[in-house]
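Everything below concerns the one structure shown next.
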Amino acid sequence: MRLSLGRSVFSHAMEISPVSNTRAKKTILSGMQPTNDLTIGQYCGALKNWVELQNEYDSLFCVVDLHAITVRQEPAKLRKRSLDVAAMYMAAGIDPNVSTLFIQSHVPEHAQLAWILNCLAGFGEVSRMTQFKDKSSQHADNVNVGLFTYPVLMAADILLYNADLVPVGEDQRQHLELTRNLAERFNFHYSPTFTIPEPFIPKVGSKIMSLQEPEKKMSKSDANEKSTIFLIDTDAEIRNKIKRAVTDSGSDIVYDAEKRPGVANLMTIHHIATGRSIAEIESDFSGFGYGDFKEAVGESLVAFIRPVRERYEALRADEESLKSTLRLGAEHARERAHKTLRKVYKKTGFVEL
Ligand code: AQP
């Protein structure tokens with residue numbers, strides 16, 4: 001990796017080749033933590049939309065490794081998973097010739113802007129973030145300050161590129177609201193600088209639930225692997241996990257997320273895998289029981305995930321090519337991030353030499 005990490009943010013001459021920044025298009029930015037293999041939760045809530053939006057928008061997608069260390073990580077695993085996640089983005093359809101694909105820690109401006117935003121964020125408002133409350137109870141032995149300021153770093157990720165739209169799952173809505181508040185506060189205290197971003201949350205699939213505890217979000221770090229379908233699961237693993245998914249009392253296939261979250265979740269998964277609407281699924285399975293339905297969901301998911309997994313395996317096998325894609329992506333991202341940070345430093349009152 002040949003990024004010049006020590007370059008002054010005030011430097012005028014760019015050392016990297018300029019790329020066409022299509023500001024005529026609106027900008028989207030999003031990222032995922034390399035804390036484990038990606039799941040169908042990440043796919044439905046975010047990745048699917050990234051792929052659909054990438055041609056229409058000026059798109060940046062990153063692997064947020066700085067966020068990942070808010071929870072203890074083994075260095076070798078983190079290194080490997082960061083590359084795994086980047087390869088999975090591409091396997092799911094992110095085209096690095098269309099979108100800028102990079103690893104967050106390769107663009108140090110994210111951490112630099114986060115510091116400035118930390119100095120604007122209120123302790124009280126950050127304390128209200130429900131993800132912090134959830135994660136600090138899950139990791140009671142390591143409630144670090146980074147976990148607390150996680151949403152401020154996320155705000156920096158988004159504001160650095162003046163993203164107009166942020167495609168995320170429902171769990172990130174509150175963090176987006178904080179990002180908007182911080183952007184408005186900076187613009188008010190100094191002068192208009194940041195674009196105020198909007199969340200893009202899909203109507204269906206914004207919260208895929210655990211297969212074992214359907215009242216809880218499916219999470220890639222769930223200790224019970226039966227709860228989670230990973231995008232690299234084998235056909236047999238997928239069939240088996242769906243077969244053992246917790247369903248509710250009752251027997252007909254009717255969507256009711258409140259009263260029957262287990263079946264509703266499987267219906268959402270089937271919808272994503274087949275493109276059939278929820279109403280069509282209800283009609284397709286009218287008169288059938290849970291057993292038949294689960295078998296159909298298992299098969300639709302196998303057919304859906306298999307090509308993604310195969311593309312992933314091919315992409316991951318060529319690590320040099322993957323790294324060179326990420327190197328280029330980081331250079332493009334840095335060029336843009338640097339411009340924003342330079343402006344922010346000036347407005348903040350830091351001396352330019
Ligand atoms: N179950 C889900 N349903 C819909 N969307 C989801 N997302 C995550 N889980 C679901 C969306 O995926 C994007 C990336 O999330 P992330 O990996 O950065 O972090 P996370 O939300 O904390 O996901 P996990 O699986 O729960 O990871 P760990 O266990 O590492 O904390 C986000 O847009 C998120 O909304």
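Observations on the structure shown:
- Subset of the stretch 39-67 that is near the ligand (Cβ under 7 Å from one of its atoms) and at pLDDT 95 or above - its residue that is surrounded by the fewest Cβ atoms within 10 Å (Cβ to Cβ): 39
- Within the stretch 23-38, the set of residues being part of a loop (DSSP other than H, G, I, E, B), more than 6 Å from the ligand (Cβ to nearest atom) and buried (at least 24 other Cβ atoms within 10 Å of the Cβ) comprises 34, 38.
- Some residue of the stretch 292-301 being polar (S, T, N, Q), in a helix (DSSP H, G or I) and farther than 30 Å from residue 243 by Cβ: no
- Against the list (1) in contact (Cβ under 8 Å) with a residue 60 or more places away in the chain; (2) farther than 30 Å from residue 96 by Cβ, the condition residue 327 fails is (2).
- Selection count where residues are of a type in the set (S, T, N, Q) and within 24 Å of the chain's Cα centre (by Cα), scope the stretch 237-283: 3
- Sole exception among (1) in contact (Cβ under 8 Å) with a residue 24 or more places away in the chain; (2) within 12 Å of the ligand (Cβ to nearest atom) for residue 223, by number: (1)
- Among (1) surrounded by 21 or more Cβ atoms within 10 Å (Cβ to Cβ); (2) within 10 Å of the ligand (Cβ to nearest atom); (3) of a type in the set (A, V, I, L, M) - the single one residue 201 does not satisfy: (1)
- Against the numbered list (1) surrounded by 13 or more Cβ atoms within 10 Å (Cβ to Cβ); (2) at pLDDT below 95, residue 323 comes up short only at (2).
- Only residues that are surrounded by fewer than 18 Cβ atoms within 10 Å (Cβ to Cβ), farther than 25 Å from residue 87 by Cα and modelled with pLDDT of 95 or more were counted across the stretch 205-245, and they come to 4.
- The one condition from (1) in contact with a strand residue (DSSP E or B) (Cβ under 8 Å, 6 or more places away or on another chain); (2) more than 14 Å from the ligand (Cβ to nearest atom); (3) without any contact (Cβ under 8 Å) to a residue 60 or more places away in the chain that residue 195 does not meet is (3).
The values are calculated or read from the model by the stated rules, or taken from the named source; none is laboratory data. Note that the coordinates shown come from a computational prediction; the quantities given were computed from them, not determined experimentally. Virtual Cβ from ideal backbone geometry, glycine too; neighbours counted across all protein chains shown.
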